[in-house]
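Participant: Got a structure for you, written out below as structure tokens; questions coming shortly.
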Amino acid sequence: MSTTSTARSAAADRCFSPEPEQRALARDLFAGVKDLPIVGPHGHVDPRMLAEDAPLPDPAQLFIVPDHYVFRMLYSQGVPMEDLGVPSRDGSAVERDPRAVWQRFAEHFHLFRGTPTGLWLTLELEQLFDIHEKPNGENAGRLYDAIQDRLRRPEYRPRALFERFGIHTLATTDAATDALEHHRAMREQGFTKVRPTFRPDAVLDLDTEGWRANVERLSAVSGVDVADYPSFLRALEQRRAFFKELGAAATDHASKTADVAPLSELEAGAVFERALSGTPGVDDARRFTAHMLFEMARMSAEDGLVMQLHVGSLRNHDAGVFRRFGLDKGADIPLATEWTRALQPVLNAYGNDPRYRLVVYTLDESSYSRELAPMAGHYPALTLGAPWWFFDSVKGMERYLDAVMETAGAYNLAGFNDDTRAFASIPARHEVWRRVTSNWLAGQTVRGLMDADDAHALARALAYEQVLRTYRLEG
Amino acid sequence: MSTTSTARSAAADRCFSPEPEQRALARDLFAGVKDLPIVGPHGHVDPRMLAEDAPLPDPAQLFIVPDHYVFRMLYSQGVPMEDLGVPSRDGSAVERDPRAVWQRFAEHFHLFRGTPTGLWLTLELEQLFDIHEKPNGENAGRLYDAIQDRLRRPEYRPRALFERFGIHTLATTDAATDALEHHRAMREQGFTKVRPTFRPDAVLDLDTEGWRANVERLSAVSGVDVADYPSFLRALEQRRAFFKELGAAATDHASKTADVAPLSELEAGAVFERALSGTPGVDDARRFTAHMLFEMARMSAEDGLVMQLHVGSLRNHDAGVFRRFGLDKGADIPLATEWTRALQPVLNAYGNDPRYRLVVYTLDESSYSRELAPMAGHYPALTLGAPWWFFDSVKGMERYLDAVMETAGAYNLAGFNDDTRAFASIPARHEVWRRVTSNWLAGQTVRGLMDADDAHALARALAYEQVLRTYRLEG
Amino acid sequence: MSTTSTARSAAADRCFSPEPEQRALARDLFAGVKDLPIVGPHGHVDPRMLAEDAPLPDPAQLFIVPDHYVFRMLYSQGVPMEDLGVPSRDGSAVERDPRAVWQRFAEHFHLFRGTPTGLWLTLELEQLFDIHEKPNGENAGRLYDAIQDRLRRPEYRPRALFERFGIHTLATTDAATDALEHHRAMREQGFTKVRPTFRPDAVLDLDTEGWRANVERLSAVSGVDVADYPSFLRALEQRRAFFKELGAAATDHASKTADVAPLSELEAGAVFERALSGTPGVDDARRFTAHMLFEMARMSAEDGLVMQLHVGSLRNHDAGVFRRFGLDKGADIPLATEWTRALQPVLNAYGNDPRYRLVVYTLDESSYSRELAPMAGHYPALTLGAPWWFFDSVKGMERYLDAVMETAGAYNLAGFNDDTRAFASIPARHEVWRRVTSNWLAGQTVRGLMDADDAHALARALAYEQVLRTYRLEG
């Protein structure tokens, strides 16, 4: 593929089978969904960026510095995080020249061969910056200038890109104690496509650094004096209502295990007291998290916020990197996850309740077909989330579809979300999902396992309709 | 595929790769096996139906009401089981009009897009009822009448269908305490293609509801007064002999874990005494089940009945559904399963014994390549069962073949069984297996990994010969 | 494929997709790597064979008797190991006639249909002996003679084959107490392509049969009187230095679990004392192994030997076979393996240390994408080993590439090693890897996920460059 024209035609069929019959149908299916609005019900874009709508800074900040998907790969091959401009916690010196960061990235771009990050970066360069060559040590400076030049133009401002991307809904992820000033600001501007998501981990997980300070902040922002367990619950309910007012459709919860199981009110109160007084018992944190997730389910059944569970990441696996650089630095490593017993209490309590919706995300692929698809194929309240994190990739999506479609059916799936902090990568990520699902459905069709009408209907469902339905955004 | 002729040609190549070379060979291989007799060594068809040979009642009873594969999918999307005619335990009102049940099913038929249940239903409609349109709200009544019209004809009686399906052997699954009157009746009619299977779970698992009543029934039917552990064993031996007389080739055992490990005779006796006297010890049930499975292995080595183990389902996960509707309502959810250590005691005792044969079924796909194929590739007595339950699907079979063929080899596999309670779906299920194996073998062949002669031999082995050999039905 | 010419053309495209576009590119990629030198950084070839360079004995010894990959499959189908000439531990009679062993093997050759062992055997027969028919009961004698005839020729001596195979480096696996006389002899002959590997399991694992005798032998060969824990460490350091002098590039460690976690020096010393005095504590062996692996990591960081971990095999699962035939008889069965928590201590201590390199091998495929690829995609010191043992197969490799390439990237993979004790199978095994990677990369390319330049670069990296780099053999 040395010539640009060949590359462009290959690009048109990206992710599609080379088999002509399947490829032709995949093109058809993709043509039917590629321009559907983007719905992003879960992600990590900074709402300030969209509220303030200031120009995006530079290529290094846009592509590398805040994105652990990118810098982890360079780090794994010996490039120090300092050299990539990743800010240190103690303020010690890191590279400040974005051009130097970009140069290092470009010199190591071959590391992304065959990775989803490489695919997204390629799509972004092509579609957003009309760059059709691979970064390398020699062209790095020229590409930097070309990107920087565009970033200065008004049509590259965040809100302009937001519209260009065709985003219908973008949800951010926000602490329970967040004042949501940027969300408020956007609403006041009449811009309601961005929604907050209630993520209370830092007040629910007793092991969080600074948990007590977080609870004090919860008191402050909620106006409920959190003095004991009942007032803690009231404060959380107040915050959920506040988030809902500002457009929240969902809550989000990260947990090492999938345990969602109630304590008695008495026990819960006692655990909370011990934590407040700084004398936690053995295993209190684990049991309290499981209990509070159950309480979150109850509140969801009551207030209608969709509950998302992201399970199975052992955060900050590399203690040295965490000490020097803090959270989200590419060293969160998955754990095997048990779902069948862990979710039984919450599904027995609320799994048949039409007011409740639970969307689950796993980092343990073996649980797709073994536990999650069978449960989603029974409980009305349970929906399977998209392939998450390391599985947000061509092969990851294909394995997900292989593993869950037959048992759960398409209508128990939540469609896609991009889960990204890299704003500019949003269209690329949705495009990959739409391409992969189109190709997968085409594969089923040319194997006589569904007809083309069904394939078209399912392509639409997976690209757009199911995510609206699951997150109750249809209205 | 809007025209019928295109749809019919697609149907001829169902499950086959679109790649012309592979497809052509898959057709060849399938042509060589599609008309081989059907051997069903494990399943849940009601023997009464075949003994009495009364006309099949109506489309709702035929396709929906007794089949949790079907109604679970509708339930997961909010259709109450009551509306589908699923009988309630307390006799409270459920839909009694089969036409109304069928109408609801037809309105939701899109939920089966891309599922194996959808594929079987489609094949049944096409092949048994000559219906080539997808059920929907509008054609529901018409299709109902068309099916009902056929069900009244003599050639749609169960035994006529049995012959038309080309069934060589069909095994049912029967409690240890079953009098097997329908099996006896069939034998007396000279009809010996249906065989009982000895499934003693309800007397081996101390946690079974009504265990003591079951043991009393065991006394009654066996004529052995079960007063203690030795007489319990004798009663079981009596029942096995009785089942064998009526044609049984195998026993079947369901268990949450794969543990098969002996207690001392003293311990086993003490546990049994405690259970009989209603004062079970902690962990007694688990240890006794493991022990009794070991005893079943011993008896199998002695009487030659093939031992089947179905492991890893957490039955009745949804307590509310179980309370209202009872067993087998689509809420049995798999568990991760450890096999390597769990089977070591029984394989060390009997795994090299030519009299013994153990066929294992798992709901944890990750154990196919990790544990089961390596063990089956060593122990002469161990054979891997077909992909079970949620894996009885096109993708499930392909993953199974991918995972086990290289390590276990084809001759340590048990071929296929349909495991169904839906009598009319038997040919469809075997057809899917034969198609998928034909296509898989064709794929290996066009990749130069075997030659066509080997592929033909393996297609036959997987469709027919291995199941006969494994279940000792060759004679 | 009845004619030889068709079979030959199929052979040329072995392992390649039948889709013409992908196949054409796979051919191109394979052509670029098929003649690269073979680097075998881990395996079980007997160094004596290469040092002495005596003629290879006979077809049975060459293909069957020492290779548990081969005889386990025959054993699983009821052929006694005695009949295959597998030596018994007590010297009781086994088949001594190699021609009779070969005859039995040939009669059962159909058991290898679709297995990697069958593929390797076929490639060896074709490429080494110009035999293009499948062994069977009738041609067995003729094939035996044809092979035997070649084995007598000088160009079939081990060292001649070594050169013909194009082997750049071949590492053996040697006990810590081994005097390495054959390695010394080869070095003295100026033949330095064979390297020893330091495998100290038998002195690190307190549960090893004869552990104390092994420690005494360690004293003897090291010249360090092992009287306590500090002298034990010194003796190990001496041996590592000795292995390094004789060309060792790596150490190798087999373990049931991936635990690598230090004890305090005090604890370690106490455990060692208890073991020496024959009064081991509960759990001492497990904890000491984990501790000593941590010490091995420290020593690796200091002396630069690459550390290999092979985890998850429950050795000698079949007690009867072990009693009669000893180690490595095809009854080693994998266990589910936890890596994330297990490796955290060693990766926190040395995972960011440029002096340290850890290469990990798993028998639990579910850990590829869940745990190993994410860790390798972060820690600079961690590299993923090739698909091991049961996964050293076409499908096994494809699943490995599918599971790890996207997350770990190609540059965190160790390339391939053959891990074989069957010397003559080395080229076949590397050929299969090179074919499968070529085809896999071609598949990515024709799906527009990389360009042909990248695919060529990665094919080279996976066939040759990464193994040199990982094992520090570039110099």
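The values are calculated or read from the model by the stated rules, or taken from the named source; none is laboratory data. These numbers come from a predicted model, not from an experiment. Please note: Cβ atoms are built from the backbone with ideal geometry, for glycine as well, and neighbour counts cover all protein chains shown.
Participant: Would you point out which residue out of A:Leu62, A:Leu111, A:Leu84 is over 25 Å from A:Pro158 (Cβ atoms) and touching a residue at least 12 places away in the same chain (Cβ under 8 Å)?
Facilitator: Exactly one of A:Leu62, A:Leu111, A:Leu84 is over 25 Å from A:Pro158 (Cβ atoms) and touching a residue at least 12 places away in the same chain (Cβ under 8 Å), namely A:Leu111.
Participant: Shifting gears a bit: Taking region B:413-438 on its own, how many of its residues are away from chain C (no Cβ under 14 Å) and either assigned to a helix (DSSP H, G or I) or surrounded by fewer than 23 Cβ atoms within 10 Å (Cβ to Cβ) (or both)?
Facilitator: Going through region B:413-438 one residue at a time, the tally reaches 17.
Participant: Let me confirm something: among C:Leu50, C:Leu29, C:Leu25, C:Leu62, which residue is assigned by TED's automatic domain parsing to the domain that holds C:Pro135 and assigned to a helix (DSSP H, G or I)?
Facilitator: C:Leu62
Participant: Does region C:42-49 contain any residue that is of a type in the set (A, V, I, L, M), more than 9 Å from chain B (Cβ to nearest Cβ) and in contact (Cβ under 8 Å) with a residue 40 or more places away in the chain?
Facilitator: Checking region C:42-49: at least one residue is of a type in the set (A, V, I, L, M), more than 9 Å from chain B (Cβ to nearest Cβ) and in contact (Cβ under 8 Å) with a residue 40 or more places away in the chain.
Participant: Another question about this same structure. Spot the failing condition for C:Asp364; the list is (1) of a type in the set (Asp, Glu); (2) within 19 Å of A:Pro334 (Cβ to Cβ); (3) in a helix (DSSP H, G or I), and only one is missed.
Facilitator: Every condition holds for C:Asp364 apart from (3).
Participant: In addition: Restricting to region A:152-173, name every residue that is within 19 Å of A:Leu36 (Cα to Cα) and assigned to a helix (DSSP H, G or I).
Facilitator: Passing the criteria: A:Arg159, A:Ala160, A:Leu161, A:Phe162, A:Glu163, A:Arg164, A:Phe165.
Residue by residue, here is whether (1) surrounded by 15 or more Cβ atoms within 10 Å (Cβ to Cβ); (2) within 14 Å of chain A (Cβ to nearest Cβ) holds:
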residue: B:Pro116; (1), (2): yes, yes
residue: B:Trp120; (1), (2): yes, yes
residue: B:Leu128; (1), (2): yes, no
residue: B:Glu138; (1), (2): no, no
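Participant: Quick check on this structure: which one of A:Ala248, A:Ala235, A:Ala213, A:Ala275 is within 25 Å of the chain's Cα centre (by Cα) and in the same structural domain as A:His291 (by TED's automatic domain parsing)?
Facilitator: Residue meeting the stated conditions: A:Ala248.
Participant: Take the residues of region C:293-327 that are in contact with a strand residue (DSSP E or B) (Cβ under 7 Å, 6 or more places away or on another chain) and among the polar types (S, T, N, Q): which is surrounded by the fewest Cβ atoms within 10 Å (Cβ to Cβ)?
Facilitator: C:Ser313
Participant: Could you tell me whether region A:448-460 includes any residue that is crowded, with 21+ Cβ neighbours inside 10 Å, more than 9 Å from chain B (Cβ to nearest Cβ) and over 18 Å from the mean Cα position of the chain (by Cα)?
Facilitator: yes
Participant: Let me ask something else about it. Go through the residues of region C:76-89 one by one and say whether even a single one is surrounded by fewer than 22 Cβ atoms within 10 Å (Cβ to Cβ), at pLDDT 95 or above, aliphatic (A, V, I, L, M) and in contact with a His (Cβ under 7 Å, 6 or more places away or on another chain).
Facilitator: yes
Participant: Anything in region C:190-209 that is of a type outside the set (Val, Ile, Thr) and either surrounded by 20 or more Cβ atoms within 10 Å (Cβ to Cβ) or touching a helix residue (DSSP H, G or I) at 6+ places or on another chain (Cβ under 8 Å) (or both)? List them, or say none.
Facilitator: If the condition is that a residue be of a type outside the set (Val, Ile, Thr) and either surrounded by 20 or more Cβ atoms within 10 Å (Cβ to Cβ) or touching a helix residue (DSSP H, G or I) at 6+ places or on another chain (Cβ under 8 Å) (or both), then C:Phe191, C:Lys193, C:Arg195, C:Pro196, C:Phe198, C:Arg199, C:Pro200, C:Ala202, C:Leu204, C:Asp205, C:Leu206, C:Asp207 are the ones that fit.
Participant: A follow-up question, please. Could you check region B:352-373 and list, in sequence order, the residues that are touching a Pro at 6+ places or on another chain (Cβ under 9 Å), without any contact (Cβ under 8 Å) to a residue 40 or more places away in the chain and closer than 14 Å to B:Ala408 by Cβ?
Facilitator: Across region B:352-373, the qualifying residues are B:Tyr368, B:Ser369, B:Arg370, B:Glu371.
Participant: For C:Leu441, state whether it is touching a strand residue (DSSP E or B) at 6+ places or on another chain (Cβ under 9 Å) and either more than 7 Å from every other protein chain (Cβ to nearest Cβ) or surrounded by fewer than 24 Cβ atoms within 10 Å (Cβ to Cβ) (or both).
Facilitator: It is false that C:Leu441 is touching a strand residue (DSSP E or B) at 6+ places or on another chain (Cβ under 9 Å) and either more than 7 Å from every other protein chain (Cβ to nearest Cβ) or surrounded by fewer than 24 Cβ atoms within 10 Å (Cβ to Cβ) (or both).
Participant: Any idea which of C:Val101, C:Val94 is β-branched (Val, Ile, Thr), out of contact with any Phe, Trp or Tyr (no Cβ under 6 Å at 6 or more places or on another chain), away from chain B (no Cβ under 14 Å) and surrounded by fewer than 22 Cβ atoms within 10 Å (Cβ to Cβ)?
Facilitator: Step by step, each of C:Val101, C:Val94 is checked, and only C:Val94 is β-branched (Val, Ile, Thr), out of contact with any Phe, Trp or Tyr (no Cβ under 6 Å at 6 or more places or on another chain), away from chain B (no Cβ under 14 Å) and surrounded by fewer than 22 Cβ atoms within 10 Å (Cβ to Cβ).
Participant: Just checking, how many residues over region C:264-305 are in contact with a helix residue (DSSP H, G or I) (Cβ under 7 Å, 6 or more places away or on another chain) and β-branched (Val, Ile, Thr)?
Facilitator: 2
Participant: Follow-up question, since we're still on this one. Just the residues that are outside any loop (DSSP other than H, G, I, E, B) and surrounded by fewer than 23 Cβ atoms within 10 Å (Cβ to Cβ), please, taken from region C:175-185.
Facilitator: Those that are outside any loop (DSSP other than H, G, I, E, B) and surrounded by fewer than 23 Cβ atoms within 10 Å (Cβ to Cβ): C:Ala175, C:Glu181, C:His182, C:Arg184, C:Ala185.
Participant: Okay, moving on. Which one is surrounded by the fewest Cβ atoms within 10 Å (Cβ to Cβ), of the residues in region B:339-367 that are within 11 Å of chain A (Cβ to nearest Cβ) and closer than 30 Å to C:Val79 by Cα?
Facilitator: Among them, the one singled out is B:Glu365.
Participant: Among the residues of region B:402-409, is there at least one that is in a loop (DSSP other than H, G, I, E, B) and crowded, with 24+ Cβ neighbours inside 10 Å?
Facilitator: yes
Participant: Say whether the condition of being modelled with pLDDT of 95 or more, closer than 20 Å to C:Tyr356 by Cα, in contact with a His (Cβ under 7 Å, 6 or more places away or on another chain) and surrounded by 18 or more Cβ atoms within 10 Å (Cβ to Cβ) is met by at least one residue in region C:282-292.
Facilitator: No, every residue in region C:282-292 fails to be modelled with pLDDT of 95 or more, closer than 20 Å to C:Tyr356 by Cα, in contact with a His (Cβ under 7 Å, 6 or more places away or on another chain) and surrounded by 18 or more Cβ atoms within 10 Å (Cβ to Cβ).
Participant: Any idea which of (1) over 24 Å from B:His168 (Cβ atoms); (2) under 20 Å from the mean Cα position of the chain (by Cα) is the one B:His430 doesn't satisfy?
Facilitator: The failed condition is (1).
Participant: Being charged (D, E, K, R) and either not in a helix (DSSP H, G or I) or not assigned by TED's automatic domain parsing to the domain that holds B:Val394 (or both) is the filter here, so list the residues in region B:6-22 that pass it.
Facilitator: Of everything in region B:6-22, those that are charged (D, E, K, R) and either not in a helix (DSSP H, G or I) or not assigned by TED's automatic domain parsing to the domain that holds B:Val394 (or both) turn out to be B:Arg8, B:Asp13, B:Arg14, B:Glu19.
Participant: Check off (1) within 9 Å of chain B (Cβ to nearest Cβ); (2) surrounded by fewer than 20 Cβ atoms within 10 Å (Cβ to Cβ) for A:Arg472 and give me the number that stays unchecked.
Facilitator: The one condition A:Arg472 does not meet is (1).
Residues are listed down the side, and each one gets a yes or a no for (1) more than 25 Å from the chain's Cα centre (by Cα); (2) among the small types (Gly, Ala, Ser):
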| site | (1), (2) |
| --- | --- |
| B:Asp145 | yes, no |
| B:Ala171 | no, yes |
| B:Ala179 | no, yes |
| B:His183 | no, no |
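Participant: Please go through (1) more than 14 Å from chain C (Cβ to nearest Cβ); (2) buried (at least 18 other Cβ atoms within 10 Å of the Cβ); (3) not hydroxyl-bearing (Ser, Thr, Tyr) for B:Ala336 and return the number of the only condition it doesn't satisfy.
Facilitator: Condition not satisfied by B:Ala336: (1).
Participant: While we're here: Within region A:75-98, does at least one residue satisfy the condition of being under 29 Å from A:Phe16 (Cα atoms), of a type in the set (A, V, I, L, M) and in a helix (DSSP H, G or I)?
Facilitator: No, region A:75-98 contains no residue that is under 29 Å from A:Phe16 (Cα atoms), of a type in the set (A, V, I, L, M) and in a helix (DSSP H, G or I).
Participant: Being touching a residue at least 40 places away in the same chain (Cβ under 8 Å) and away from chain A (no Cβ under 11 Å) is the filter here; which residues of region B:381-412 pass it?
Facilitator: Within region B:381-412, B:Thr383, B:Gly385, B:Ala386, B:Trp388, B:Ala410, B:Tyr411 meet the criteria.
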